[in-house]
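Chemist: Got a structure for you, written out below as structure tokens; questions coming shortly.
The values are calculated or read from the model by the stated rules, or taken from the named source; none is laboratory data. Just so it is clear, the model here is predicted, and its values are computed rather than measured. FYI the Cβ positions are ideal-geometry reconstructions off the backbone, even for glycines, and counts take in every protein chain you see. Just the protein is used for accessible areas: all its heavy atoms, side chains included, with ligands, DNA and RNA removed. Shrake-Rupley method; radii C 1.70, N 1.55, O 1.52, S 1.80 Å.
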Amino acid sequence: KRYGTRWVIPCCSPLCSCWTCVLHLTSQLFAIFAFATCGGYSGGLRLSVDCANKSESDLNIDIAFAYPFRLHQVNFDAPTCEGKRRETLSLIGDFSSSAEFFVTIAVFAFLYSLAATVVYIFFQNKYRENNRGPLIDFIVTVVFSFLWLVGSSAWAKGLSDVKIATDPDEVLLLMSACKQQSNKCLPVRSPVMSSLNTSVVFGFLNFILWAGNIWFVFKETGWHSSGQRHAADTMEKQSSGYNQGGYNQDSYGPAGGYNQPGSYGQVGDYGQPQSYGQSGPTSFANQI
């Protein structure tokens, strides 16, 4: 639509809706990767304890753990290298809060993106009715952007703690048999954390995606177009005021008040040019 000399594209255009729909579809995919790589994780490590008395050794101590990473509830048996007696130990730490918070955000973000995509495609008229739909979408998008940032940061810190708690060298320190120099304690297999690292990456990608979508949803609210329309109307009024004002009417030309020679030639109270123009020659003729 044209305002004055400027063309302003309405913000509630099909192009804006198309981009918003595409971003919501992409966020669904990223959310699936985020909660699948984190919520579906299961891993483990293997240790070996070689006692001085070989009959008491255990070379395959398997410790398995999984989401939601309540490691203090993961128990395993280890030899004490003191006869046939074994001890029951557990890993250290509870990191379920950050992991569950991250997965919860991913699930709700996926559900909202799915619902928003359905509304964009099939209920476009109701979505724009009274501007309520774009306003709600804008608020929810801002909230999810903030939640993705907080959740991804918290889970990144939680994952770092999980890696420390499941480090085979750290777990070996929990065993009493490994405190004796006559026994040999070695890590056999470390847990694979690649999928958990991927979940953190997708968490921050989701934050970037949702934060970028704020602009397109903001344009859907109509606030952006109203600001442009107000600026265009203001410029149009100013331009029309200059065209109609005294600055563009040749006020200094022949028709202006400053360029009217008749005002200086009129008979005034202080000077009558007729008397000066007739009295001089007549009196001089009489004297001659």
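Chemist: Using the Karplus equation 6.51 cos²θ - 1.76 cosθ + 1.60 (θ = phi - 60°), what ³J(HN,Hα) coupling, rounded to whole Hz, does each residue of the range 72-78 give in order, writing x for Gly and Pro?
Modeler: Values, residue by residue: 5, 9, 8, 10, 8, 9, 9 Hz.
Chemist: With a 1.4 Å probe and every protein chain left in place, tell me how much accessible area residue 135 has, in Å² to the nearest 10.
Modeler: Only protein atoms counted, so the area is about 60 Å².
Chemist: Follow-up question, since we're still on this one. Taking 0.36 nm per residue of sequence separation and subtracting the Cα-Cα distance, how much length would be gained by fully extending the chain between residue 82 and residue 182, in nm to one decimal?
Modeler: 34.8 nm
Chemist: Along the range 65-71, what does the Karplus equation 6.51 cos²θ - 1.76 cosθ + 1.60 (θ = phi - 60°) give for ³J(HN,Hα), rounded to whole Hz, x for Gly and Pro?
Modeler: With the stated coefficients, the range 65-71 comes to 8, 7, 4, x, 6, 8, 5 Hz.
Chemist: Next question. Find how much the distance from residue 211 to residue 153 grows on full extension, using 0.36 nm per residue of separation minus their present alpha carbon separation; answer in nm with one decimal.
Modeler: 19.4 nm
Chemist: Taking H placed 1.01 Å from N in the peptide plane, check which residues at least 5 places from residue 44 or on another chain put their amide H under 5 Å from its amide H.
Modeler: Residues meeting the criterion, in which the H sits 1.01 Å from N, are 65, 192.
Chemist: How much of residue 112 can a 1.4 Å solvent probe reach, expressed as accessible area in Å² and rounded to 10?
Modeler: The accessible area of residue 112 comes to roughly 50 Å².
Chemist: Looking only at the range 45-61, which residues have a backbone nitrogen under 11 Å from a spot 7 Å from the Cα of residue 189 in the C-beta direction?
Modeler: 45-47, 61
Chemist: Sticking with this one: Given 0.36 nm per residue, what is the gain on full extension from residue 164 to residue 135 after removing their alpha carbon distance, in nm?
Modeler: So the extension gain works out to 6.0 nm.
Chemist: Related question: Using the structure shown, list the pairs from 157/219; 163/184; 84/163; 157/179; 54/163 with a Cα-Cα distance above 25 Å, or answer none.
Modeler: Violating the 25 Å Cα-Cα cut-off are 157/219; 84/163; 157/179; 54/163.
Chemist: Name the residues whose placed amide hydrogens come within less than 5 Å of the amide hydrogen of residue 91, ignoring near sequence neighbours (fewer than 5 apart) on the same chain.
Modeler: 74
Chemist: Next up: Calculate the FRET efficiency for residue 126 and residue 42 from the Cβ-Cβ distance with a Förster distance of 41 Å, rounded to the nearest 0.05.
Modeler: 0.40
Chemist: Read phi for every residue in the range 47-64 and hand back ³J(HN,Hα) as whole Hz from Karplus 6.51 cos²θ - 1.76 cosθ + 1.60, θ = phi - 60°, with x for Gly and Pro.
Modeler: Working through the residues one at a time gives 10, 9, 10, 9, 7, 4, 8, 4, 5, 9, 6, 9, 8, 9, 9, 8, 10, 10 Hz.
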